[in-house]
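Written below as structure tokens is the structure these notes are about.
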Amino acid sequence: MPVTDTSVISSKNVSYSINEKSFSTKSPIIFRIFTNEAKGVLRHGKIFEDYFSEYQADMISICLEYAHEQADMIYVYCSCESNPIYGDFFFEISGKILERHCLNEVFQYDTSIERQKRALKVIIEDIEKIEKVCNQYGREMPTEIKLVYDVKKDSLKATYAYENFWSESETKFAQDIGDERFAEIRNKNDIQK
């Protein structure tokens, strides 16, 4: 398996931050991936990480648009263990962790079901695109992607996992894991106050 394959680190959760404008990173693992890809493993002028980053950025973009660019932090949760693919998102706005349908607690937002569905459709399509590009490049598809975007710092932190969390359970579903993610962030935020 080549070093450029993200499955080299697949048995562990991987976190790194990317400044999307410069694609700089402090992670030696990601630096190796970028360096090895730059040595000539290119397809159509783009490398695997370009596509992967582009789809993640698209997820953040639709969420930022959904919150009328008023969010301080954006959290996106993606699960791709089996069908159905699951995606969800929530926000930190003015120090409060809010689910997408609760933004009216802080400002006046259109949180209609139709608007939520449109945003979720983009996220699901981006997860499908990530899965497709993983297949095209012979890479392992993460079963879980957690994105945290700090709007003020223009900084994206992504955490990937490769083990199953719900698909082998008779009592858990992807939405349960998404709800746990929301509760985890909300509790962490409450403790910091």
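The values are calculated or read from the model by the stated rules, or taken from the named source; none is laboratory data. Keep in mind it's a predicted model, so treat the numbers as computed, not measured. Reconstructed Cβ throughout: ideal geometry from the backbone, glycine too, with neighbour counts over all protein chains shown. The area values use the complete protein model at the heavy-atom level, side chains included, leaving out ligands, DNA and RNA. Shrake-Rupley method; radii C 1.70, N 1.55, O 1.52, S 1.80 Å.
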(request) Select from region 144-178 the residues that are at pLDDT 80 or above and either surrounded by fewer than 16 Cβ atoms within 10 Å (Cβ to Cβ) or charged (D, E, K, R) (or both) and list them in ascending order. (result) 144, 146, 150, 152, 153, 154, 155, 157, 159, 163, 164
(request) Could you check how many residues of region 84-138 are basic (Lys, Arg), within 22 Å of residue 180 (Cβ to Cβ) and in a helix (DSSP H, G or I)? (result) 1
(request) Could you list, in sequence order, all residues of region 63-83 that are part of a helix (DSSP H, G or I) and open to solvent by less than 10 Å² (accessible area, probe 1.4 Å)? (result) 63, 66
